[in-house]
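> The structure's right below; bear with me while I get my questions together.
Every read-out reported here was derived from the displayed coordinates using simple, explicitly stated rules and does not represent laboratory data. As the structure is a prediction and not an experimental result, all values here were calculated from the model. Every residue, glycine as well, gets a Cβ built from its backbone with ideal geometry; the counts of neighbours run over all protein chains shown.
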Amino acid sequence: MTFEIENVSKTFVSNDDGEEVHALKDINLTIETGKFVSLVGPSGCGKTTLLRIIEGFENPTEGTVKDNGEIVTEPSNERGFIFQNYSLYPWLNVIDNVIFGLGINGKPEKESKKRAMEYLKTVGLEDFAKRYPHELSGGMKQRVAIIRSLINDSKSLLMDESFSALDVQSRHKLQKLVHKICKEQNKTIIFVTHDIDEAVFLSDEIILLSRRPGRIKEIFEVKMEHPRNREDKKFEELVSEIIQAIDELEDN
Ligand SMILES: Nc1ncnc2c1ncn2[C@@H]1O[C@H](COP(=O)(O)OP(=O)(O)OP(=O)(O)O)[C@@H](O)[C@H]1O
Ligand SMILES: [Mg+2]
């Protein structure tokens, strides 16, 4: 089992006026190794906060997070994290950005570059390996940043709306790539998204959080075989069911 989230609550206190924001309340969740779990829910319900607590960027006000039995107190290389606004190293070209983390971990450069080229190919960036970040479009930079995180052999990967700024084709390609890597390497993925279609396409489980303070409102298990077909009736029905559950939260 990878993650055990026990009674996690988070209250932020403003430095300005001491006012409190209750972001999360009593979150209990177990995420098994190799599972793909999505977190969905209304804006401001605490999804990013929960992801940052699981990574160790933020401490919970109450409760604990365990990663393979060890209480999380700080970030670790075992857990990759893809930010919404990540940045590339401007002084390195695309391929050197992609293999940067592998170099730190002592992997041979030639092998790393070969693997990086395969990854770049899947997102149509093989011709841009020698270009520098300022020579890329926004979506291209995002693809490079995602690949840089995917190529590292972390045991888990926490992703915060990582595909939100991509065009549909790149998004679909990256969804498939992430799914393939997750299954091949038995990586655990926690994936925050507003895109319910994306969540149903990828996830083993979809966790719906309530409005702030975020609590677990409902857990949807997705039992369809991969690769999933968006035109499938079962697929469409589950997407509608989850969207309706979110609409009901917003209305109340
Ligand atoms: N560092 C912080 N200091 C104070 N309040 C914070 C901090 N980070 C988050 N919050 C508050 O916690 C609540 C949850 O924020 P969070 O970013 O986790 O929401 P979210 O579900 O990721 O929303 P979105 O879907 O819009 O990204 C919000 O009310 C936010 O203002
Ligand atoms: Mg967020």
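> For the chain, what relative contact order do you get, as a whole percent, if you take Cα pairs closer than 8 Å and at least 6 residues apart?
26 percent
> Could I ask something else about it? Tell me the relative contact order for the range 86-153 as a rounded percent, counting alpha carbon contacts under 8 Å between residues six or more apart.
Contact order relative to length: 51 percent.
> Report the relative contact order of the range 149-252, percent, no decimals, based on alpha-carbon pairs under 8 angstrom and at least 6 residues apart.
With pairs under 8 Å counted, the relative contact order is 22 percent.
> Mind checking the angle between helix 109-122 and the chain's longest principal axis? C-alpha axes, 0 to 90 degrees, to the nearest 10.
Once rounded, the angle reads 70 degrees.
> When DSSP beta bridges are limited to those with both residues in the range 103-252, what percentage is antiparallel, rounded to the nearest 5?
50 percent
> How fast does the chain diffuse by Stokes-Einstein, in µm²/s, taking the Kirkwood radius from C-alpha pairs at 25 °C and 0.890 mPa s?
129 µm²/s
> For n ≥ 4 DSSP H runs only, could you compute -39500 (n - 2.57) per run for the chain, divide by its residues and tell me the 222 nm figure to the nearest 500?
Helices in the chain give a 222 nm mean residue ellipticity of -11500 deg cm²/dmol.
> Quick check on my link table: of LYS155/LYS176; LYS10/LYS183; LYS110/LYS130, which ones sit more than 23 Å apart, alpha carbon to alpha carbon?
From LYS155/LYS176; LYS10/LYS183; LYS110/LYS130, over 23 Å: LYS10/LYS183.
> If you don't mind, another one. Report Rg/Rh for the range 126-252, rounded to two decimals, where Rg is the Cα radius of gyration and Rh the Kirkwood radius.
1.00
> Angle, helix 94-104 long axis vs. longest principal axis of the chain, Cα atoms, 0 to 90°, nearest 10?
Computed tilt is about 70 degrees.
> Run through the DSSP bridge list for the chain and note the antiparallel percent, rounded to the nearest 5.
The antiparallel proportion sits near 55 percent.
> Quick one: pull the percentage of alpha-carbon pairs in the range 86-153 with a separation above 21 Å.
12 percent
> Which aspartates and glutamates have a Cα less than 19 Å from the Cα of LYS233, not counting those fewer than 8 places away in the same chain?
By straight Cα distance, LYS233 reaches ASP195, ASP197, GLU198, ASP204, GLU205, GLU221, GLU225, GLU241.
> Continuing with this model, one more query. To the nearest 20 debye, what is the magnitude of the charge dipole of the range 47-152 about its Cα centre, counting +1 on the Cβ of each Lys and Arg and -1 on the Cβ of each Asp and Glu?
Using Cβ point charges on Lys, Arg, Asp and Glu, the range 47-152 gives about 440 debye.
> Another question, if that's okay. Measuring from centroid to centroid over Cα atoms, what is the spacing of the range 1-29 and the range 51-120 in Å?
24 Å
> Another question, if that's okay. Where does helix 138-151 land angle-wise versus the long Cα axis of the chain, in degrees 0 to 90, nearest 10?
Its long axis makes an angle of about 90 degrees.
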